[in-house]
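J.: The structure follows.
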Amino acid sequence: MKECRDVNYLSRTVEFEKKKRSRVQETYEHEGRPEGFGPPASQGAGAANCVSDLAGTLRDHLSLWVRLSGRLLTMTRPSGDRLLFLRKSTDIERVKRHGRRFQTPLFNMLSCPSGSLQKTRIGIVVGKRFGGAVNRNRAKRVFRELVREVRKQLVVGRELLVFPRRAALLVRHRLLQDAWKAALRHEGLMVAELGQRCDNSASV
């Protein structure tokens, strides 16, 4: 009987130790994580996969937006600008080396023959000394629009560089237009408008 009681006691002790160890192990597994915080451990892999899929979708949408934005910018650019403006650095440097200078209070110009039968092409050069990026971009937009306004009146076979001055952004647009057209006529880069005489001695 005593041996039987000892066996039963030993069995109960073993079961108690097993349960105790099981509770301690569960405590260690969840230590440091507040109750109810984050997904259960069994859902960790699924949550990670969901986040990865979401990140991939966002990257795909961002890439598509960038491509569409580039196409829209290309579509909204006025047609014919490629033939109207000087953009290659080699062309710009050639005009800088061989061009004849003409100065005004609002901008400077360099012009030279192009050796082709195309209409005059014009480059807008705005250096960092002009000011901040906002003002530089604004000056480029203003003078590109001035160029587009006279594109049908430009002569053939010339190349021109325009260097805006800060004062160009301080005067009324009408005054800048008049100075621009007068300078083009003075350099023989623009044909006379209807009812006007192209006079190379015109003052700016």
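Just so you know, all these numbers are worked out from the coordinates, no wet-lab data involved. The structure presented is a predicted model; accordingly, all values stated were derived computationally and were not measured. Note that we place each Cβ from the backbone using ideal geometry, even for glycine, and neighbour counts take in every protein chain shown.
J.: Please arrange Asp91, Asp178 by counting, for each residue, the other beta carbons lying within 10 Å of its beta carbon, fewest first. Don't skip to the answer; put the middle values down first.
T.: Working: Asp91 16, Asp178 13.
Fewest-to-most ranking of Asp91, Asp178: Asp178, Asp91.
J.: In what sequence do Arg158, Arg100, Arg136 fall when counting other Cβ within 10 Å, fewest first?
T.: The fewest-first ordering by Cβ neighbours comes to Arg100, Arg136, Arg158.
J.: Just need the relative contact order of segment 82-186 here, percent rounded to a whole number, with Cα pairs under 8 Å and 6+ apart.
T.: Values: 144 pairs, mean separation 36.8, N = 105.
It rounds to 35 percent for segment 82-186.
J.: Check which residues have an amide H placed less than 5 Å from Asn108's amide H, if you skip close sequence neighbours.
T.: Answer set, sorted by chain and number: Phe163, Arg165.
J.: Just to verify a number: FRET efficiency for His173 and Arg129, C-beta to C-beta distance, R0 = 22 Å, to 0.05? Spell out each step's value before the answer.
T.: Working: r = 23 Å, r/R0 = 1.06.
So, using R0 = 22 Å, E works out to roughly 0.40.
J.: Okay, next question. Calculate, in whole percent, how much of the Cα-Cα pair population of segment 82-186 lies beyond 24 Å. Mind showing how you got there, number by number?
T.: Values: 898 of 5460 pairs.
In whole percent, the share of Cα-Cα pairs in segment 82-186 beyond 24 Å is 16.
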